[in-house]
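Here's the structure we're looking at; comments come further down.
Just so it is clear, none of the values below were taken in a lab; they were calculated from the coordinates. Since we're looking at a predicted model, the values are computed, not measured. Every residue, glycine among them, receives a Cβ derived from its backbone with ideal geometry; neighbour counts consider all protein chains shown.
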């Protein structure tokens, strides 16, 4: 018995316009999704850039892991791990802060779509920096941690910086942006500059002799902060200081 319908395998084959379910008429064709539009090509390039950026951000961690495995961290491995993870956390945080001014300067608006990867890897290195301190330096001793917070101001500043960064990392997803709302999310993420200021203070108080390196971070942070203030009109900055009026009750 021969089949009643001659069914062809699905694929890229176009369905005839007179087929049942499609409007009839001359020149009618089913809608096709364009994969060669400029927006899709740009998104593809940004995805590749984010993947490459993630690999680059992982290189310092890979190098530290290899050095640790080969016992190549020097006479004080804990100090090396602490300093290197902290340094990369600072670098990535500063690069993240530089994205917006660089976008304004160059007009490359796609740069803003690379910021999340940089910020999350900065938080990763900050978390490793804290973890090295808790595990190797204090061995999870609550008494030792409390004494450091009480008597060492740079430890207190570092903890405060991490507490500012944690909610920013948690709310970095698209779902959290939708849940908080754009305005609330932007207000929350202004904590980035508070975290950067506390991190710079942490580094400055930690160094006892040559403060040239932490001073560079402080100057760069001041430049980035001034660039952000210059970008906002005076009226917009004053509006942030005014309390939000309560919404009128609907009848």
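Here are some residues: 66, 73, 102. Which one is in contact with a helix residue (DSSP H, G or I) (Cβ under 8 Å, 6 or more places away or on another chain) and assigned to a helix (DSSP H, G or I)?
The conditions single out 102.
Would you pick out the residues in the range 136-158 that are farther than 19 Å from residue 79 by Cβ and surrounded by 15 or more Cβ atoms within 10 Å (Cβ to Cβ)?
Correct list: 156 only.
Could you list, in sequence order, all residues of the range 181-197 that are surrounded by 12 or more Cβ atoms within 10 Å (Cβ to Cβ) and in a helix (DSSP H, G or I)?
Passing the criteria: 184, 185, 187, 188, 191, 192, 193, 194, 195, 196, 197.
Would you tally the residues in the range 64-112 being in contact (Cβ under 8 Å) with a residue 60 or more places away in the chain and crowded, with 16+ Cβ neighbours inside 10 Å?
10
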